[in-house]
Amino acid sequence: MNGSRVLVLNSGSSSVKYQLLDMADGARLSSGLVERIGEGPVADHTAALKQVAEELTDQGLGLDSPELAAIGHRVVHGGTRFTEPALITDEVVEEIEKLVPLAPLHNPANVTGIKVARALRPDLPQVAVFDTAFHSTMPESAARYAIDTGTADRFGVRRYGFHGTSHAYVSRATAKLLGKDVAELNTIVLHLGNGASASAVRGGVCVDTSMGLTPLEGLVMGTRSGDIDPAAIFHLSRVGGMSTDEIDTLLNKRSGLIGLCGDNDMREIGRRMAEGDEAAQLAFDIYIHRLRKYVGAYTAVLGRLDAIAFTAGVGENSAAVREAALRDLPAFGIEVDAVRNAVRGSAARLISAGSSRVAVAVVPTDEELEIASQTFDLVSD
Ligand code: AMP
C-alpha cells in the first residue's frame, strides 16, 4: 500500500455523505453531501456515488489517485457477527445483508453504497466500520434483555447499542485531554445529538450503553421516546387501534422533544423556555430527568467514575443541558464550573470545577476521523 488517504462514505437511505482524509497528518481534504437520492437528478445510489467521484475528480482528488489507500464505509448494524472493522469481501457483504432485518432502514443503503464503491474501484481495499462494534464488549448481564432466552436468540433480540464510533472516539479523546491512559479511566460518554445515547466505558472498554436492539431505547431524543414501558405498545394497539407501523412511527418520529413540545432543536426549546413556554420547559425537564438517571445508573455500573464527556450537537453546544444534567451532584464528586461551562469553542475542554473529583469535559466527536483511522489501521497491517 502506498497512499495515506482514506475516503469515508456514509450511505443513508436518501443521502451519501463523504469525507476524504489524509491519515499522514489527519488533514480533511474534502467533504460533501449528495442529497435527495431517488428524487430528481440523482436517481439512485449509483448516480450519487458517481457524483461523489466526479466532485472529487474536479478537486484533483479522484478515486483513481494512487494516494487513495482505502475506502471506509459506515455500517449501522454489525449484529453479533461483526465486533471489529471488517475488510470487505463478497462474504462480508452477504453477512451485512443478512443483518437487514435488524436495521431495515439503514443496512440496505449501507450495502448499496459498498456495492457501488466496489464496482467503481474493485482493486482498492474497502472496510466496513460498524456503529454497534464498540458495544460488543458489553457483558451478557448488560446486553441481554430478561426475556425467554430461546426466543431472544432465535430472533437476535438483545442490546447492541449504536453511535459506537463516536463513543470509542470520545472516550479516547477524553483520556487524551486529561493526559491519562484510556486504560486507567472510567468514563461516561453522553452523545447528545438529534439521536442520543450514553455509554459506560471502563478502561476504554464499553460495559453498558443506553441504546438497545434498535436506537429507540434509552435517552429522550429529538424525535424518539427512549425508554418506555413496552406494554404501552400493546395498549396503543389494543385500545388505540394503532398498527405496528403507526406505533413505530409514533415512537421513532413523533416522540421525544418534538412529541412533547413540537420542536426537536434544543436552541428553539431554549428560546421558548426563556419566554416562559410551559410545554418547552416540560420537554426540557423530562429530557434532563432521563439523562440524570443514566448518569446515576452508569456511575453505579462503573463503581468508580473518573470522567463525564459531553458530545454531539446538544452536548457540545448547550451549556444549559450540561448544567442541568449535572446540577447538585457534589455527593457524586461532580461539580461543573459555571464560567468554564459557558465558554464556547470547537476544541475539547474541561468544564469541571478544580474541586470536582470527576472531570467533566466537552469533547467534540469526529465519527469520520474514527472511521478513517480504523480503516487505515486495518489496511496498513
Ligand atoms: P447532531 O445530531 O449531533 O448533529 O445534533 C443536532 C442537534 O444539536 C440539533 O437538533 C440541536 O438540537 C442541537 N444543537 C445544535 N447546535 C446547538 C446549539 N448551539 N445549542 C443547542 N443545541 C444545539
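One residue stands out among those in region 36-63 that are more than 13 Å from Tyr18 (Cα to Cα), polar (S, T, N, Q) and touching a residue at least 12 places away in the same chain (Cβ under 8 Å): the one that is surrounded by the fewest Cβ atoms within 10 Å (Cβ to Cβ), which is Gln59.
Just so you know, in region 216-249 the residues that are among the small types (Gly, Ala, Ser) and farther than 24 Å from Ala325 by Cα include one that is nearest to the ligand (Cβ to nearest atom), and it is Ala232. If I go through region 258-269 residue by residue, how many of them are surrounded by 16 or more Cβ atoms within 10 Å (Cβ to Cβ), without any contact (Cβ under 8 Å) to a residue 60 or more places away in the chain and either near the ligand (Cβ under 8 Å from one of its atoms) or not aliphatic (A, V, I, L, M) (or both)? So the answer is 5.
Is it true that Gly276 is more than 22 Å from the chain's Cα centre (by Cα), at positive phi and modelled with pLDDT of 95 or more? Taking the combined requirement at face value, the residue satisfies it.
Scan region 1-35 for residues that are small (Gly, Ala, Ser) and without any contact (Cβ under 8 Å) to a residue 12 or more places away in the chain and the total you get is 1.
Residues in region 190-215 that are within 13 Å of the ligand (Cβ to nearest atom) and over 22 Å from Pro104 (Cβ atoms): Leu190, His191, Leu192.
Per this entry, Asn252 is not counted among residues that are within 16 Å of the ligand (Cβ to nearest atom), free of Cβ contacts under 8 Å to residues at least 40 places away in the same chain and under 26 Å from Arg202 (Cα atoms). Assuming Arg74 fulfils every condition listed in (1) touching a strand residue (DSSP E or B) at 6+ places or on another chain (Cβ under 6 Å); (2) more than 22 Å from Arg159 (Cα to Cα) apart from one, which condition is it? Checking Arg74 against (1) touching a strand residue (DSSP E or B) at 6+ places or on another chain (Cβ under 6 Å); (2) more than 22 Å from Arg159 (Cα to Cα), the one that fails is (2).
The values are calculated or read from the model by the stated rules, or taken from the named source; none is laboratory data. Remember, it's a predicted structure, so these values are computed and weren't measured experimentally. Don't worry about glycine lacking a Cβ; one is built from the backbone with ideal geometry, like all the others, and counts go over all protein chains shown.
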